[in-house]
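The values are calculated or read from the model by the stated rules, or taken from the named source; none is laboratory data. Remember, predicted model here, so these are calculated numbers, not experimental data. Here Cβ is always computed from backbone atoms with ideal geometry, including for glycine, and neighbour counts include all displayed protein chains. Only protein heavy atoms, including side chains, enter the accessible area calculation; ligands, DNA and RNA are left aside. Shrake-Rupley method; radii C 1.70, N 1.55, O 1.52, S 1.80 Å.
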Amino acid sequence: MSQESIEETLENIWSNWREEEGRCSHCPARNTQHPPYYGDGVGTADIAFVAEKPGGTQSGRVDGPPPAHVEETHRERNDNRNGMDWIKDGNRLRRFFDSLSSDLWFTKDSEYPAYFTNARKCRKITGENKWGNNHADYWCRQYLEEELTALDPEIVLVFGKPAAESVFAHYEVKDWPSKMSNRVLVEYQSETDDTQIILSYHWSGIGRNVRHVDGVEGTNEYQDKLAKVVDQVLS
């Protein structure tokens, strides 16, 4: 697909969030103090990384216009960003990538352009308003489907079960693992097109979950195998 196609999709999501229109209208997770985080990278990418949600939490909905420092358009937001800022130094995703032995597709100069997004666009609600997370997940899932349709990647690498539920539903994958144990580092085939889905533990939970993976000992070995799985599919 073209870069213009994904940019148009992201512009529509950003506009809906800022103007409180469309699927963002009355969403309990729409907090104007914390803009949504999604859609960084290359719009013609072969591989899309899908995580669960932006980091941090919020106590509940904050009504009112966005703060003055929040850009009016998604394009304006990205004009001041490197297209691969989601792997900037210091964040957990970058540290996860840097720990891999493969340098073929986790760098800014990668021969495989990449795209990163979240299944959930706004932060998780905590406290007495946490009931609203189910509603937010429902609306954001439809945004994610629009992104993936516009991007049309060869591979979707999905981190964690909450994000996987949205991705598997979009691609109508019927072989959904009720438990992720021994089902990660496995390639799944989309039922709607040629997209391959690779399931991984969330990078923040690999250390405590790797013991469930047969034949893999330790975080480093898990990460090395994940890199090899993706490289093999892309090659």
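Among what's in the range 29-50 and is part of a strand (DSSP E or B) and modelled with pLDDT under 85, pick the residue that is nearest to W14 (Cα to Cα).
Per the criteria, the residue is D40.
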Requested in this report: Tell me, please, whether a residue that is open to solvent by 10 Å² or more (accessible area, probe 1.4 Å), modelled with pLDDT of 60 or more and within 15 Å of the chain's Cα centre (by Cα) can be found in the range 76-88.
Outcome: no
Query raised in the report: Of all the residues that make up the range 4-26, how many are at pLDDT 90 or above and either buried (at least 21 other Cβ atoms within 10 Å of the Cβ) or at positive phi (or both)?
Result: 8
Report task. For the range 166-173, indicate whether the set of residues that are outside any loop (DSSP other than H, G, I, E, B), touching a residue at least 40 places away in the same chain (Cβ under 8 Å), within 20 Å of D137 (Cβ to Cβ) and in contact with a strand residue (DSSP E or B) (Cβ under 6 Å, 6 or more places away or on another chain) is non-empty. Result -> yes
Report task. Mind listing whichever residues of the range 178-201 are open to solvent by 40 Å² or more (accessible area, probe 1.4 Å) and out of contact with any His (no Cβ under 6 Å at 6 or more places or on another chain)? Result -> S178, K179, N182, R183, V186, E187, Q189, E191, T192, D193, D194
Query raised in the report: Checking V173 against (1) under 30 Å from E4 (Cα atoms); (2) buried (at least 21 other Cβ atoms within 10 Å of the Cβ), which single condition isn't satisfied?
Result: (2)
Query raised in the report: So which residues in the range 153-163 are in a helix (DSSP H, G or I) and either without any contact (Cβ under 8 Å) to a residue 60 or more places away in the chain or not aliphatic (A, V, I, L, M) (or both)?
Result: K161, P162
Query raised in the report: Of the residues that sit in the range 34-52 and are buried (at least 24 other Cβ atoms within 10 Å of the Cβ) and β-branched (V, I, T), which one is nearest to P113 (Cα to Cα)?
Result: I47
Query raised in the report: Looking only at the range 197-235, which residues are closer than 18 Å to S178 by Cβ and within 19 Å of the chain's Cα centre (by Cα)?
Result: I197, L199, S200, Y201, H202, G205
Query raised in the report: Would you call P66 open to solvent by 20 Å² or more (accessible area, probe 1.4 Å), at pLDDT 85 or above, touching a helix residue (DSSP H, G or I) at 6+ places or on another chain (Cβ under 6 Å) and not polar (S, T, N, Q)?
Result: yes
Requested in this report: Answer yes if at least one residue in the range 127-140 is of a type in the set (S, T, N, Q), under 23 Å from G41 (Cβ atoms) and at pLDDT below 95, and no otherwise.
Outcome: no
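Matching residues to (1) within 14 Å of V184 (Cβ to Cβ); (2) among the charged types (D, E, K, R); (3) assigned to a loop (DSSP other than H, G, I, E, B):
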| residue | (1), (2), (3) |
| --- | --- |
| I198 | yes, no, no |
| H202 | yes, no, yes |
| N209 | yes, no, no |
| D214 | yes, yes, yes |
| Y222 | yes, no, no |
| V229 | yes, no, no |
Query raised in the report: Just one of G218, G132 is open to solvent by less than 50 Å² (accessible area, probe 1.4 Å), farther than 19 Å from A51 by Cβ and free of Cβ contacts under 8 Å to residues at least 24 places away in the same chain; which is it?
Result: G218
